[in-house]
Every structure is written in structure tokens, then in C-alpha cells.
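K.L.:
Shown below is the structure under consideration.
The values are calculated or read from the model by the stated rules, or taken from the named source; none is laboratory data. Just so we're clear, the structure is a prediction, and the values are computed from it rather than from any experiment. Counting neighbours? That spans all protein chains shown, and the Cβs are built from the backbone with ideal geometry, glycine included.
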Amino acid sequence: MREFSLNLLSSKKPIFFQIYRYFKNEILDGQLQYDDLLPSIRSCAQSFEVSKNTVEVAYQLLVSEEYIRNIPKKGYKVVYQGETKPQHNTSTSDPSLTQTIRYDFRYGNIELNTFPFHHWNKVRNTCIAYNQSNYIVEGKAQGEYVLRKELARLLYEARGVISNPEQIIVGSTPQQLVSLLCQMLETDKHIIGVENPGYDGARNTFLNYGFQVHPIPLTEDGVSIHELKNSHANIMYVSPSQQFMNRMTLSQNKRHQLAAWVHSNAYIIEDDYEWEFKYQNDYLPSIQSLYPEKIIYIGRLSKALVPVFNLSYLVLPYDVLSLFHSKVAEYDQPVSRLDQLTFSQYLSDGYWYKQLQKMRETYEEKRKVFFEAISQYMKHVAKAEGKDMGLHTFLTVKTDKTEAELIGLGIQKGVKVYGTSRYWFHTEKKYPTVLLGYGALSANDIHNGIKLLAEAWFE
């Protein structure tokens, strides 16, 4: 592997951001190409003479923007393949190179024109005016206290989370915070249970740190307690508000069963994924509210609500918080002080709550159009999960075609959907499942895109 060099003293930007930007430019310039391995976190830290945590934050930013991916037991590989450009060489075997994508159902894309940039910039400018001297000194490693105080209030009011500001750690992405957790926990004392299918970012991070990971299958109302008890796992990673793949909400009975299970085990890691976008008024409180001493709570700021920066957060039980202070000698806060102070004031002034209500209405309308189109064009040949939640769905198609064939046929019609095999852990599927996000598409585009997919797959 070639050597990488970077003059970290030549910029006033945070070190993790300089490393992130350096590798991003290497990828965009073609110096690092698809499937190339990046240097390990340890070797990169040694080369740049920085902490491993600083490199980890930089790598997680690249992961969040889908430039690289963490491959268990191998390291970080480049997965970016450049912009899709229409070609006219009919001999190519890759249809994505010969078609212009008209409707991109990319998960994570959102509608930007509804975000109140004028309100955000007003709050940001106020923070700059009143806090200029504060940017010169280093901020709190766990995050700005005023932000953690606002988060504690928000989480208690909205999710029933019981916490104090000192229990909260601010980070950039959930995967970066899972990596931070791995630095606190001992691999020889903990076996991790993960939902199968489920969020691969957390699963791969646990594997990369050397933990034993057991896939726990799902039942109709959530993770199988029977399989969990038989797995020997003593930590369970679960998404009770919106299960990532099946889009189910964990029942109240199952939540109490998990709380009973953790009584004689180590911890539950509760990933409260997309709790903001459940469209029916049947919210269930977090599992953390049932057993705060045993629940490690992870949340994130939805990009659909505040698309201008990444922010996630951990709420730690006090015994795990003591591990953070004793085992994580250096934690370089990945979120800028200005972004933290701005969002804290944005919350305090009530803008976030107004934006949440507006975006729920916007995305609920899109969701209705999406499921109406599925019912109209694929009623008996496909099943979509998550009719009352989220900004995306997983579509299981009753066909003998493969996942790759479905994606390729869609591209030939100018419609891009995405594969889901990565979310399963050693499990054979009866029918292929594809991922569709509809946050950035208009109602008309959603309808037309689904119609074209039906033509591509079934005619």
C-alpha cells in the first residue's frame, strides 16, 4: 500500500476534517479507486501522528457519505464509483453506464427546498455574534453543555428518556458512536446480538473490533426473545421505534420482555431510529424509560429535519459513562462548536418542532402516493414494509429474478433502486428485496417511477 502524506499544520480546520477531506479528494481524483483499501486506523494514526479516534471520526464521515465501507476483518474499502454518466457504447454489460437515471429512489435523499435556511442562518449568525471568543478555545469533548441540556429535555419530552446532560455524548453518526462504544466494552466479556436483517453499519463495526456477533431473527412483533435467550448474547442491539428492514415497531409487550431479559444480562443498545417519522399517533416510549440503568441509547438528528450537518448522540448509564472517562483517553469532538451551539438555540427557539410538524405532513403525503402506486401497479406481486412510518421502504418482489436483475431492469427504464443483501447476516431469502427511498422525489415522480418499475419487472 502506498504512503499518504498530509500537512496538518497548513489548515485551521479540525484535524479529523482535514483527514476526511484528504481521503475524499484522493477518491474523487482517482488516486484511490473502487475496491482499494485505505490504511488501517492504527497505521493512519501513526503516519499522521494523531489519535486513532481522530482517524476513526474521519473514516466514519467518509462512510456516512458512502465513499468507503467498513468490511469486517479486512478494513475500509473504497465503494465510490464516480458519477453516473450516459454512455453510448452498447457493448457494455453494465446498464447503469448506458442509461440516464430519471427517478432515483436513493435512501437518504431528502427534499431540501422545504428547510427554513433563513431561520437557521439567523440563529447561526446570532451564535457567531455572541460566541466569537468561545471558538478560540477547545470545546467539551462530550459536546457543548447547552446542547446536551437541550437534548436531555427533548428526549424526555418526546421519548421518555431519563437522563442528565453529563450522561450524553455528542457524535457525528451512529456508526461513529458504536465505534466509540466498542472502545469501552471488552471483547472477551461481551457477545453482541443484532437484528437479522438489520443495520449493517453497527454489525460490521462490532465485527471489526473483534466482538462475537450473533444474528437474532425477527418475529412479527420484533426480535425473537426465544432466539435471543439461546444465543448466549449479553448485549442486544435493537431498533424498537422503526426496525430498519421490516419497518415494524416493537410491541409494548416485547419491550417489557427485553427489559426483563436485560435484568440478568449486560446491556441493551437501543437505536431509536427515525422515531420522528411515525405518522400515526401511537408512539411508544423508549425502552430506556423502562430500565435506564441497563439501556445504552443512541439517537441521531434526522437529515430530513436539519440537512446542514451530521449529529448523533449517546445516552450512557452511569457505569458505562465511567468506562468512557477511564478508557477513552482522547475523544476529539467531531461536531463543530458552531453547529452545536446553533442547533441548541434552534431547538430552544422552537424552530425544530415547527420543522418536524411541517416535514411530517410533507413526507406523509409522499408516503401515501408511494403506497397507492404500489397498490395500483404491484398489488399482488410485491409487498412494501412500513406503511405508517419513515422515508423509505423495503419492497419484496415475488419473482424468480435476482436482486441484481431487478436493479438492472429498473436502470434500463431510467429508475434506480438499491440492493439489500448487505443487511442480512448469513440468511437465504425466498424472494429478492430492494430498497426505495422517496424523500427527495415529488409525488408525480414517485408515481411515474413505480409505474416504470412495474413495466420493467412484470411485462
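K.L.:
Identify all residues within the stretch 108-121 that are of a type in the set (Phe, Trp, Tyr), assigned to a helix (DSSP H, G or I) and surrounded by 14 or more Cβ atoms within 10 Å (Cβ to Cβ); write none if there are none.
P.N.:
Selection gives TRP120 alone.
K.L.:
So in the stretch 370-386, with the set limited to residues that are farther than 22 Å from THR249 by Cα and among the hydrophobic types (A, V, I, L, M, F, W, C), which one is nearest to the chain's Cα centre (by Cα)?
P.N.:
By that ranking, first place goes to ALA373.
K.L.:
Report yes if some residue within the stretch 371-386 is surrounded by 20 or more Cβ atoms within 10 Å (Cβ to Cβ) and aromatic (Phe, Trp, Tyr); otherwise report no.
P.N.:
no
K.L.:
Hey, can you tell me all the residues within the stretch 309-321 that are modelled with pLDDT of 90 or more and in contact with a Leu (Cβ under 9 Å, 6 or more places away or on another chain)?
P.N.:
In the first step, residues of the stretch 309-321 are kept if they are modelled with pLDDT of 90 or more; the result is 311-321.
Listed by number, the residues that qualify are LEU311, SER312, TYR313, LEU314, VAL315, LEU316, VAL320.
K.L.:
Name the pairs whose Cβ atoms lie under 6 Å apart, with the first residue in the stretch 55-78 and closer than 12 Å to GLN175 by Cα, the second assigned to a loop (DSSP other than H, G, I, E, B), and 6 or more positions between them or separate chains?
P.N.:
From the stretch 55-78, the pairs are VAL57/PRO334; GLN60/THR173; SER64/THR173; ARG69/VAL79.
K.L.:
So, one more: Which of the residues that make up the stretch 415-428 are without any contact (Cβ under 8 Å) to a residue 24 or more places away in the chain and under 24 Å from the mean Cα position of the chain (by Cα)?
P.N.:
Selection gives GLY419, SER421.
K.L.:
Mind checking whether some residue in the stretch 318-333 is within 21 Å of the chain's Cα centre (by Cα) and under 19 Å from HIS119 (Cα atoms)?
P.N.:
Taking every residue of the stretch 318-333 in turn, none turns out to be within 21 Å of the chain's Cα centre (by Cα) and under 19 Å from HIS119 (Cα atoms).
K.L.:
Go through the stretch 18-35 and count every residue that is surrounded by fewer than 16 Cβ atoms within 10 Å (Cβ to Cβ) and on the phi < 0 side of the Ramachandran plot. Spell out how you get there, then give the answer.
P.N.:
Start the filter on the stretch 18-35 by keeping residues that are surrounded by fewer than 16 Cβ atoms within 10 Å (Cβ to Cβ), which leaves 25, 28-31, 33-35.
If we keep only those that are on the phi < 0 side of the Ramachandran plot too, we end up with 25, 28-29, 31, 33-34.
So the count comes out to 6.
K.L.:
Please note which strands (runs of 3 or more DSSP E) are completely contained in the stretch 292-395 and include at least 1 residues that are under 17 Å from GLU274 (Cα atoms), in contact with a strand residue (DSSP E or B) (Cβ under 8 Å, 6 or more places away or on another chain) and aliphatic (A, V, I, L, M).
P.N.:
Numbers: elements: 295-300, 312-315, 382-384.
Answer list for the stretch 292-395: 295-300, 312-315.
K.L.:
Then there is this: Would you check which residues across the stretch 214-234 are within 17 Å of TYR423 (Cα to Cα) and buried (at least 21 other Cβ atoms within 10 Å of the Cβ) and list them? Before you say what the answer is, go through the steps one by one.
P.N.:
Initial filter on the stretch 214-234 (within 17 Å of TYR423 (Cα to Cα)): 214-219, 222-223.
Passing the criteria: ILE216, GLY222, VAL223.
Yes/no matrix, rows are residues, columns are (1) closer than 21 Å to GLN167 by Cα; (2) surrounded by fewer than 20 Cβ atoms within 10 Å (Cβ to Cβ):
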{"site": "LEU323", "(1), (2)": "yes, yes"}
{"site": "SER326", "(1), (2)": "yes, yes"}
{"site": "ASP332", "(1), (2)": "yes, yes"}
{"site": "SER336", "(1), (2)": "yes, yes"}
{"site": "GLN340", "(1), (2)": "yes, no"}
{"site": "PHE343", "(1), (2)": "yes, no"}
{"site": "TYR353", "(1), (2)": "no, yes"}
{"site": "GLN357", "(1), (2)": "no, yes"}
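K.L.:
What number of residues within the stretch 229-247 are charged (D, E, K, R) and more than 17 Å from HIS263 (Cβ to Cβ)? Before the answer, list the steps.
P.N.:
Keep residues of the stretch 229-247 that are charged (D, E, K, R), which gives 229, 247.
Subsequent filtering for residues that are more than 17 Å from HIS263 (Cβ to Cβ) retains 247.
Within the stretch 229-247, residues that are charged (D, E, K, R) and more than 17 Å from HIS263 (Cβ to Cβ) number 1.
K.L.:
Are any of the residues in the stretch 387-404 more than 28 Å from LEU250 (Cβ to Cβ), hydrophobic (A, V, I, L, M, F, W, C) and touching a residue at least 12 places away in the same chain (Cβ under 8 Å)?
P.N.:
Of all residues in the stretch 387-404, those more than 28 Å from LEU250 (Cβ to Cβ) come to 399-402, 404.
The next check asks that each one be hydrophobic (A, V, I, L, M, F, W, C); those that pass are 404.
Subset that is touching a residue at least 12 places away in the same chain (Cβ under 8 Å): 404.
Yes: the stretch 387-404 contains one or more residues that are more than 28 Å from LEU250 (Cβ to Cβ), hydrophobic (A, V, I, L, M, F, W, C) and touching a residue at least 12 places away in the same chain (Cβ under 8 Å).
K.L.:
Related question: If you scan the stretch 359-407, which residues turn out to be touching a Lys or Arg at 6+ places or on another chain (Cβ under 8 Å) and among the hydroxyl-bearing types (Ser, Thr, Tyr)?
P.N.:
TYR377, THR393, THR396
K.L.:
Can you tell me which condition LYS74 does not meet? The list is (1) modelled with pLDDT of 65 or more; (2) surrounded by 13 or more Cβ atoms within 10 Å (Cβ to Cβ); (3) farther than 25 Å from GLN18 by Cβ, and all the others hold.
P.N.:
That leaves (2) as the condition not met.
K.L.:
Scan the stretch 177-213 for residues that are out of contact with any helix residue (DSSP H, G or I) (no Cβ under 7 Å at 6 or more places or on another chain), hydroxyl-bearing (Ser, Thr, Tyr) and surrounded by 17 or more Cβ atoms within 10 Å (Cβ to Cβ) and report the count.
P.N.:
The total comes to 1.
K.L.:
What are the residues in the stretch 406-455 that are surrounded by 16 or more Cβ atoms within 10 Å (Cβ to Cβ), assigned to a helix (DSSP H, G or I) and at pLDDT below 95, if any?
P.N.:
LEU406, ILE407, GLY408, LEU409, GLY410, ILE411, TYR423
K.L.:
Failed condition for ARG124, given (1) in a loop (DSSP other than H, G, I, E, B); (2) among the charged types (D, E, K, R); (3) modelled with pLDDT under 90, with all others met?
P.N.:
So ARG124 meets the others, but not (1).
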